[in-house]
Amino acid sequence: MIVATLDIRSGPWDAAAVEGFLRETVIPIRLASAGRTSPLVQSLWFIYDDDALWCCTQREAVLTRRLIADPRCGFEVSGDRPPYRGVRGTAVAEVLPDRAADMLPRLIDRYLGDEPNQLSRWLLSRLDREVAIRLHDLRVTSFDFTPRMA
């Protein structure tokens, strides 16, 4: 396994603030992958753990194929309502089918809660087709327009 890093490139937040934001913020990550003719941006649930961002998607998804072909990607985690603040950057993606079984339940718990419901049951019923995506070597820029928008 590759050692993860968190490289703060710029912005008002230090590493502790970036990590706190990524651990506490429960909104989808926007993940951009490269393609032959154009980039693809997708929204996925994520968890920040051990200097890496983790997501899951289907094994047959276009995103999976693109990240296997070219693991370089861009991402952003930010809200849609003022005051605008968040984290964006680049990473290297690793597609790990064997980690989906432990990551998907964690993602479901984070975004849907621990009470079983129709969506969580449906997602778990497709677990055999899921892969985990580990985004590591994070190069991050933070932004926080709170002072400007106060």
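At-a-glance table
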read-out: Within segment 1-122: Cβ-based charge dipole about Cα centre, in debye rounded to nearest 20 (Lys, Arg +1; Asp, Glu -1); value: 560
read-out: Å² of accessible area per residue within the chain, as computed with a 1.4 Å probe and no ligands counted; value: 56
read-out: ³J(HN,Hα), Karplus 6.51/-1.76/1.60, whole Hz, each residue of segment 13-21, x for Gly, Pro; value: 9, 7, 4, 5, 5, 4, 4, x, 4
read-out: Environment charge at ALA17 (Cβ cut-off 15 Å; Lys +1, Arg +1, Asp -1, Glu -1); value: -2
read-out: Estimated [θ] at 222 nm from DSSP helical runs (n ≥ 4, -39500 (n - 2.57)) normalised by residues in the chain, nearest 500; value: -8000 deg cm²/dmol
read-out: Sequence-distant residues sharing a close amide H with GLY11 (under 5 Å, placed H); value: SER142
read-out: Gain in span if fully extended, ARG81 to ASP7, counting 0.36 nm per residue against the direct Cα distance; value: 24.0 nm
read-out: Accessible surface of the chain [probe 1.4 Å, protein heavy atoms]: carbon and sulfur percent; value: 52
read-out: Computed FRET value (nearest 0.05) for THR146 with GLN58, which takes r as the C-beta separation and R₀ as 35 Å; value: 0.40
read-out: Answer label for percent of Cα pairs over 28 Å apart (calculated), chosen among [x] 20; [y] 15; [z] 31; value: [x]
read-out: In Hz, Karplus ³J(HN,Hα) per residue of segment 66-71 (6.51, -1.76, 1.60; θ = phi - 60°; x = Gly, Pro); value: 5, 6, 5, 5, 8, x
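The values are calculated or read from the model by the stated rules, or taken from the named source; none is laboratory data. In this text, all values refer to a predicted model and were calculated from it rather than measured experimentally. FYI the Cβ positions are ideal-geometry reconstructions off the backbone, even for glycines, and counts take in every protein chain you see. Side chains are part of the model used for accessible areas, which takes the heavy atoms of the whole protein and leaves out ligands, DNA and RNA. Shrake-Rupley method; radii C 1.70, N 1.55, O 1.52, S 1.80 Å.
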